[in-house]
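The values are calculated or read from the model by the stated rules, or taken from the named source; none is laboratory data. Everything numeric here is computed off the predicted structure, so don't read it as measured data. Note that each Cβ is placed from the backbone with ideal geometry, even for glycine, and that neighbours are counted across all protein chains shown. With ligands, DNA and RNA removed, areas are computed over all heavy atoms of the protein, side chains included. Shrake-Rupley method; radii C 1.70, N 1.55, O 1.52, S 1.80 Å.
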Amino acid sequence: MPVGPDAHRWSTFHGERTLIVAARTITSTVRVLETLPALLRDDPRVSVVFAHDPGSAFNDGVLDLLRTAGCRVVPWEQLERLSPDLILSASENIDVPEGDCPVLVLPHGVGFQKLVPDSRSSRERLSGVVPDSLLESGRAWLAISHPAQEEQLLASHPRAAGRTLLVGDPCFDELAGSRSRRSAYREALGVAEHQRLVVVSSTWGPTSLLGNHPDLPARLLAHLACDEYRVGAIVHPNVWSAHGAWQLRTLQAAAREAGLMLMPPVHAWRPALVAADVLVGDHGSVTLYGAAAGTPLLLAAFGEDAVAGTAVHHLASVAPRLDVHGDLLDQVERVAAEHTPERYADVAARAFSEPGHALARLRTVLYRLLELPEPPSPPPVPLALPVPDPPAVPVTSWQVTAGVTGGGPAPVVTVRRSPAAVAAYGAAPPDSAAVSTHLACSEDEHDRRLTESASVLVRSDPVSTSVGALRWIEDTLTRLPGSLLAATAVRGGGCLVGVRDGRVVEAAVTGSPLDPGVPAAVVYAGLRTGLRLDGAHVTLRLGDVREEDVVLRLRPALPRG
C-alpha cells in the first residue's frame with residue numbers, strides 16, 4: 001500500500017485494517033512470508049506493509065529478501081505514521097513504537113529452546129520471548145505450538161501469564177503434509193532412486209555443528225561413495241547473514257566441489273529435509289523438525305545453550321551421537337538400518353500439539369486481533385512444499401577404487417567413487433593386485449593439475465555419433481599424454497573407452513545410463529588385472545546399491561589420417 005499522510009489518495013485497494021509486518025532477520029522474515037499469504041488469501045480488507053527493523057546483528061539480506069518477494073517496505077522510523085491495527089512478527093526482539101495496537105509474535109523455530117545473547121545487555125536471554133515491558137503493556141501475544149511452552153514461559157517469565165495463544169506449528173504441518181511428494185523433491189535435487197541423501201543441519205553459534213566441526217560435510221563426502229550417497233547441508237540463516245554467503249561458500253569450497261548441496265537459506269531447506277534419508281544435526285530447530293517427521297538422526301553436536309526440559313533437550317537424551325572421528329559410513333548405514341518412523345514420536349508429541357491445524361487456528365487468531373470476521377472461504381490447510389532448484393555444482397573429479405573378484409568367465413568388478421576434492425579427508429585408498437585406485441577427471445574440471453594427473457578422462461555430455469566419440473578420444477589422449485584412458489557416452493546408448501595403446505573398448509551396461517567414468521573404471525580394472533577386454537561379461541557393483549551386467553568388446557579405432 002502507498003505510505004504517507006495522504007496515502008489514501010493513491011491507493012487502489014482501500015483496506016479496512018492495516019497490518020504491519022516487522023522484518024528484522026532473515027529467519028523471522030521468512031517465517032512470516034511462508035505463513036501470511038495463506039491467512040490473508042483473497043481478502044482486500046487487510047492492507048499489509050513490511051517495516052524493516054535494521055537493529056539486528058543478523059539483518060543482512062532482509063531487504064533483498066523483501067524486494068525479491070515484491071513486498072512494500074518502509075523504514076522502521078516511519079512506522080508511527082502508519083497507525084497500524086496489528087503488528088505481526090516472528091522476531092521477539094523488535095522495538096515496538098508507542099501505541100495500543102496488539103503485537104502478535106510467531107515463533108521462528110520450535111518453542112523457546114535456546115539461550116541467545118541479549119542485544120540490549122551482556123547477558124543471555126531465552127530465544128522467542130518479547131521484553132517484559134511489552135508483556136506488561138498487555139499488547140503482546142505469543143503464538144506457541146504446545147501447552148508445555150506456556151508452562152515453560154510462566155516459570156521463567158511470569159508476566160507472560162495469559163499472553164500465549166496455542167496455534168500449533170505451520171512449518172511442521174507443511175513438512176508432515178509434503179511426505180507424499182518426497183520422490184519429486186529427491187528427483188529435483190538430483191538424488192537417484194538407489195542413492196541415500198544425508199543432510200547436515202547446523203544452527204548458528206559456537207556450539208553448533210559447524211561451529212564445532214566445520215569440516216564434517218567434507219569428511220562425510222570423503223567417506224560416503226558418491227554413486228551411493230548425496231550429501232546436503234542446511235545452515236541457519238544467521239550464519240549466512242553474519243558471515244556472508246561468500247565466506248560460507250569459501251569455507252565449504254572442497255565440499256561444494258565434491259557435490260555438497262548447500263541449501264539456500266530461504267525456503268529450499270524444507271523440501272530438502274523431507275527428501276533426506278539420514279539427518280546429521282545439532283540442537284537447532286531443523287534437527288527437531290526432521291526427527292519429529294520420522295527421519296533417522298545422528299547428533300554431531302549439542303550445545304549447553306539448549307534449554308533443559310524442552311523437546312529438543314529430550315531429543316538429545318534419546319538420539320544416537322555421531323562419533324565424528326569414527327567410521328562415518330558405518331554409522332550412517334547403521335542408523336538408517338535400525339531406525340523406525342515412530343522412534344521420535346514422543347519427541348514430536350512434546351513439541352507439536354494437534355498437528356495439521358496450525359494455519360486455520362492462526363487465521364482465527366489473526367482476524368480476532370484485527371477485529372474483523374474471518375473470510376467466508378474454507379480455513380487454510382497446509383500446502384505441499386514447492387519443488388526446489390538443484391543447489392549443487394557438478395562433481396568433476398573422482399578418486400576411483402575398483403576391485404576384481406571371481407575371475408573365470410564371470411568376474412565381478414566393484415567400483416567405489418569419491419570426489420577428489422575431499423580426498424584429503426578420507427582414508428588411504430587400497431592398492432593391490434586385485435584392487436586399484438586411480439584419478440578420473442571430467443573435461444570440465446577447472447584445476448589443471450588434476451586434469452594433467454588423471455589416469456582417466458571423461459566427457460561430460462554424450463557425443464551424438466560413434467565417429468565423433470572416436471575423434472574426441474583421439475584428441476583428448478593426444479592433448480593430455482599423461483592419461484591412460486578417455487571415455488565418453490554415445491547418444492542413444494553405450495560408452496566408448498579409448499586406451500592409450502590405440503584400442504577402443506565398447507562397454508554396454510544394463511539398466512539406466514551411468515556416468516561414463518563408471519564403465520571406464522571397469523576397463524581400467526581390467527587392464528590392471530589382465531581381464532579380457534574383448535567379449536568379456538562382467539558384473540558391475542556400485543557399492544551395495546546397484547548391480548548391473550557389463551559386456552566389453554573391442555571395436556575398430558578411428559582410421560588415422
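The mean of 1/r over all pairs of different alpha-carbon atoms in the chain, once inverted, gives a Kirkwood hydrodynamic radius of 26.2 Å. Using a Förster radius of 41 Å, what is the FRET efficiency between Ser183 and Ala155 based on their Cβ-Cβ separation? Nearest 0.05, please. Approximately 0.40, to the nearest 0.05. With a Förster radius of 30 Å applied to the C-beta separation of Thr465 and Ala245, the computed FRET efficiency comes to 0.10. Backbone amide hydrogens, once placed in the peptide plane, bring Lys114 within less than 5 Å of Ser127, Val307, excluding anything fewer than 5 places away on its chain. Each peptide among 52-60, 167-175 gets the average number of other Cβ atoms lying within 10 Å of its residues, and from highest to lowest they stand as 167-175, 52-60. Between Val73 and Ala253, the modelled labels are 3.0 nm apart [label points 7 Å from Cα along Cα→Cβ]. Charging the Cβ of each Asp and Glu at -1 and of each Lys and Arg at +1, and nothing else, the dipole of the chain about its Cα centre rounds to 1140 debye.
For a protection proxy built on the mean count of beta-carbon atoms within 10 angstrom, sort 15-28, 392-405, 301-314 highest first, please.
Details: 15-28: 22.6, 392-405: 20.6, 301-314: 18.5.
Going from most to least packed, we get 15-28, 392-405, 301-314.
Each of Leu369, Pro419, Leu484 was scored by the projection of its Cα onto the charge dipole of the chain, and the greatest displacement toward the positive side belongs to Leu484; charges sit on the C-beta of Lys, Arg, Asp and Glu. The stretch between Arg120 and Arg503 holds 130.5 nm of extra length on full extension. This uses 0.36 nm per residue minus the Cα-Cα distance.
For the range 517-531, the residues whose amide N sits under 15 Å from a probe point set 7 Å from the Cα of Asp431 along the beta carbon direction are 525, 528-529.
May I ask you to give the percent of accessible area on the range 245-372 that is carbon plus sulfur, with a probe radius of 1.4 Å?
Carbon plus sulfur share of accessible area: 52 percent.
Normalised by 2.2 N^0.38 Å, where N is the number of residues, the C-alpha radius of gyration of the range 100-200 stands at 1.46.
Taking a ≥ b ≥ c as the square roots of the eigenvalues of the Cα gyration tensor, an a/c ratio of 1.5 or more together with a/b no larger than b/c marks the range 90-148 as oblate. Over the C-alpha atoms of the range 40-115, the Rg to Rh ratio, Rh being the Kirkwood estimate, stands at 0.96. Between Ser317 and Ala410, residue separation times 0.36 nm minus the direct Cα-Cα distance comes to 28.5 nm.
Kirkwood hydrodynamic radius, the range 402-502, all distinct C-alpha pairs: what's the number in Å? Here the Kirkwood hydrodynamic radius works out to 15.0 Å.
Measuring r between the beta carbons of Leu480 and Arg81 and using R0 = 51 Å, the FRET efficiency lands at 0.15.
What value in Å³ per residue do you get for the convex hull of the alpha-carbon atoms in the range 447-534? Before the final figure, lay out the partial values.
On the way: hull volume 8.5 nm³, N = 88.
Cα convex hull per residue, to the nearest whole number: 97 Å³.
Shown here is the pair-distance distribution of the range 508-547: with all Cα-Cα distances grouped in 10 Å bins from zero up to the longest one, the shares run 25, 59, 15 percent. Distant-in-sequence amide contacts of Leu297, defined by a placed amide H-H separation under 5 Å and a gap of 5 or more residues or a different chain, comprise Leu279.
How do 30-39, 442-451 rank on mean C-beta neighbours within 10 Å, highest first? Please report the intermediate quantities before stating the final value.
On the way: 30-39: 19.7, 442-451: 15.5.
Highest to lowest by the protection proxy: 30-39, 442-451.
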